[in-house]
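So the structure is just underneath, and the comments pick up after that.
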Amino acid sequence: MMQDQTPYAWKTVGLAVLPGMIYLVTPLIATLFHYRWSVQTFWILEIPTLSAALVVIAVGWMHEKRLPLWSLFAVGLTAFVLLEGGTRTNAIVHADQDQFTRWYTFLSLLALLVAGGILLGGAFVARRYGAAAALLAAGLKGTFVVELFDPTSGLLIIAADRFSLPGVRLIELIGKIPLLIVLPVTVLRARSERRQVGALLGGYGLSLLVLLLLSLLHDFALQGVSGGSPFPERTLNLFLIRPVILAIPWVIL
């Protein structure tokens, strides 16, 4: 029988999800303040998230002399930010197409190794934390979930008269909230391992629901626009297999 447990205090939960919140709002704020987007400057946007995540990890380690459960989310987020920053730095350093391709392939392989390392690490910490160790994967997966389902595809290219850049950033933000905010909060506030499992499943389900609605709205908005997919053909194709891809790390853990 699963034992009841004391949920983490709200201040601890707030600290745990702070890197995710910063990751969400940084692109939107940069857009609102007319930040000059380019390959050469985009990587700078990773710095606030990376700094916050490293602070959370350091505070957790100093407080408990190990990685506490509430810091696992920041660990996964750190891994993704470093890989994303490395990819963009690669685009700056290697302007030659052949060099870029070689280094991009290397970074892709490195990303697979890092993802595998996170899963192995998650399997190790799961012996201590149980199902809640999946927070390690949530920080990694929540950052690319919008890219996986791409509910803003082509909005600024084939429907620029209907959508603005801040509007697109807001759509991306909404798509990431379930995995980067709702899921870690509900897991850390759960009073038993059973409720933690429920929080993980609920966060995953909510993420799919939000992405489904955003994708349907995307298809509906582009209906009749040259270059747009027939409604709702694109969304149905996306949701045939990609939810399974999204679930694989959690199933393994």
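Contact annotation: residue pairs with Cβ atoms under 6 Å, 6 or more positions apart or on different chains, pairing a residue in the range 184-206 that is within 12 Å of T6 (Cα to Cα) with a partner that is among the charged types (D, E, K, R), are R191/D4; S192/D4. Being closer than 25 Å to V25 by Cα and at pLDDT 75 or above is the filter; apply it to the range 95-138 and report the residue that is surrounded by the fewest Cβ atoms within 10 Å (Cβ to Cβ). Checked the range 95-138; the qualifying residue surrounded by the fewest Cβ atoms within 10 Å (Cβ to Cβ) is A137.
Take the range 57-73 and flag every residue that is surrounded by fewer than 12 Cβ atoms within 10 Å (Cβ to Cβ) and over 18 Å from A9 (Cβ atoms). Correct list: K65, R66.
Quickly run through the range 168-186 and pick out the residues that are closer than 12 Å to L28 by Cα and open to solvent by 30 Å² or more (accessible area, probe 1.4 Å).
Listed by number, the residues that qualify are R169, L170, I171, E172, I174.
Of the residues making up the range 122-138, not one is without any contact (Cβ under 8 Å) to a residue 24 or more places away in the chain and small (G, A, S). Listed by first and then second residue, the pairs linking a residue in the range 56-73 that is under 14 Å from V125 (Cα atoms) and assigned to a helix (DSSP H, G or I) to a residue that is open to solvent by 40 Å² or more (accessible area, probe 1.4 Å) and acidic (D, E), with Cβ atoms under 9 Å apart and 6 or more places separating them unless they lie on different chains, are S71/E64.
To keep it simple, each residue is scored yes or no on (1) of a type in the set (D, E); (2) under 15 Å from E147 (Cα atoms); (3) at pLDDT below 70; (4) in contact with a strand residue (DSSP E or B) (Cβ under 7 Å, 6 or more places away or on another chain).
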| residue | (1), (2), (3), (4) |
| --- | --- |
| P178 | no, yes, no, no |
| E193 | yes, no, no, no |
| G203 | no, no, no, no |
| F220 | no, no, no, no |
| S226 | no, no, yes, no |
| S229 | no, no, yes, no |
| R234 | no, yes, yes, no |
| L246 | no, yes, yes, no |
| P249 | no, no, yes, no |
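The values are calculated or read from the model by the stated rules, or taken from the named source; none is laboratory data. All values reported here derive from a predicted model rather than from experimental measurement. All Cβ positions, glycine included, derive from the backbone under ideal geometry; neighbour counts span all protein chains shown. All accessible areas refer to the heavy atoms of the entire protein, side chains included, with ligands and DNA or RNA removed. Shrake-Rupley method; radii C 1.70, N 1.55, O 1.52, S 1.80 Å.
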